[in-house]
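S.K.: Handing you this structure, nothing more for now.
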Amino acid sequence: MGLLITLILVGFVLILAEILIIPGVGVAGILGLLSLGGSCYYAFYEFGSLTGGIVTGVTALILLLLTIYVLRAKTWKRFALETNIDSKAVSAERVIEVGDRGKTVTRLAPMGAVRVGDNVVEVKALEGMIDTDVEVEVVLIEDNKIYVSPLREM
């Protein structure tokens with residue numbers, strides 16, 4: 001009788017582990033179902049058809065109730081992460097301002113590096129591509145993204 005109860009408990013623990021702890025792998029769920037099936041077979045073989053039928057019925061009923069409990073939406077809300085990140089990374093001080101001029105260090109295709117004063121910053125070309133060693137001007141700063149365009153000779 002101890003083996004029968006152990007097989008049933010191990011089966012349910014493995015199925016719960018499959019659902020709640022390690023979903024998607026399948027090994028624990030398959031082993032749990034095999035354990036439950038083995039407990040039903042053992043009950044029929046060792047204790048007769050009446051006890052085997054009772055064990056199978058009770059095991060199936062518990063498995064059905066467990067499935068209904070797990071499929072309810074409230075069960076999954078307990079496990080869901082409800083923290084929202086609504087902050088943005090901002091620099092403590094803005095070194096580059098709109099209107100600053102610099103020279104491209106790398107080719108902007110459309111992203112690359114520009115030296116503005118003593119700072120080398122990553123920028124994006126406002127339109128097209130810009131070659132290396134071209135004078136550029138900062139035309140827009142949006143969400144810590146710097147957009148540049150080449151200086152036009154007049």
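S.K.: Filter the chymotrypsin sites (Phe, Trp or Tyr not before Pro) in the range 1-87 down to the DSSP loop ones having no more than 13 other Cβ atoms within 10 Å, then list what survives.
M.R.: 79
S.K.: To check you understand DSSP bridge types, tell me what percent of the beta bridges within the chain (both residues inside) are antiparallel, rounded to 5.
M.R.: 90 percent
S.K.: As I understand it, the value is the acute angle between the Cα axis of helix 2-20 and the longest principal axis of the Cα atoms of the chain; what does it come to in degrees, rounded to 10?
M.R.: 20 degrees
S.K.: Report the longest stretch of the chain that contains none of the GluC sites (Glu not before Pro) sitting in a DSSP loop with at most 14 other Cβ atoms within 10 Å.
M.R.: The segment 1-81 is the longest one with no such site.
S.K.: In Å, what Kirkwood hydrodynamic radius results for the range 101-150 from the alpha-carbon pair distances?
M.R.: With all distinct Cα pairs of the range 101-150 included, I get 10.1 Å.
S.K.: Farthest toward the dipole's positive end in the chain, which of 29, 12, 83, given Cβ charges of +1 (Lys, Arg) and -1 (Asp, Glu) about the Cα centre?
M.R.: 12
S.K.: Here is a further query. Lysine pairs, Cα distance under 26 Å, 8 or more residues apart or cross-chain: how many in the chain?
M.R.: Lysine pairs meeting both conditions in the chain amount to 5.
S.K.: Once the principal axes of the Cα atoms of the chain are found, what is the range along each, listed largest first in whole angstroms?
M.R.: Largest to smallest, the principal-axis extents are 100, 27, 24 Å.
S.K.: Quick one: what are the phi-derived ³J(HN,Hα) couplings along the range 112-118, Karplus 6.51/-1.76/1.60 with θ = phi - 60°, whole Hz, x for glycine and proline?
M.R.: In residue order, the calculated couplings are x, 10, 10, 9, 10, x, 9 Hz.
S.K.: Suppose every Lys and Arg Cβ carries +1 and every Asp and Glu Cβ carries -1, with no other charges. What dipole size does the range 101-150 come out with about its Cα centre, to the nearest 20 debye?
M.R.: 80 debye
S.K.: Shifting gears a bit: Would you kindly derive the ³J(HN,Hα) couplings of the range 25-33 from the backbone phi angles with the Karplus curve 6.51 cos²θ - 1.76 cosθ + 1.60 (θ = phi - 60°), listing them in order in whole Hz, with x for Gly and Pro?
M.R.: After applying 6.51 cos²θ - 1.76 cosθ + 1.60, I find 7, x, 5, 5, x, 5, 5, x, 5 Hz.
S.K.: Still on this structure: Diagonalise the Cα gyration tensor of the range 2-77 and give the resulting equivalent ellipsoid semi-axes, square root of 5 times each eigenvalue, largest first, whole Å.
M.R.: Semi-axis lengths for the range 2-77 are 25, 14, 8 Å.
S.K.: Here is a follow-up. Under a Cβ-only charge scheme (Lys and Arg +1, Asp and Glu -1), can you give me the dipole magnitude of the range 1-141 about the Cα centre, in debye to the nearest 20?
M.R.: The calculated dipole for the range 1-141 is roughly 720 debye.
S.K.: From the helices alone, meaning DSSP H stretches of at least four residues, give me the mean residue ellipticity at 222 nm for the chain, per-run term -39500 (n - 2.57), in deg cm²/dmol to the nearest 500.
M.R.: -15000 deg cm²/dmol
The numbers here are math on the coordinates, done by the rules we state, and not lab data. What you see is a predicted model, and the numbers here were worked out from it, not measured in a lab. As a convention, Cβ positions derive from the backbone with ideal geometry for all residues, glycine included, and neighbour counts pool all protein chains shown.
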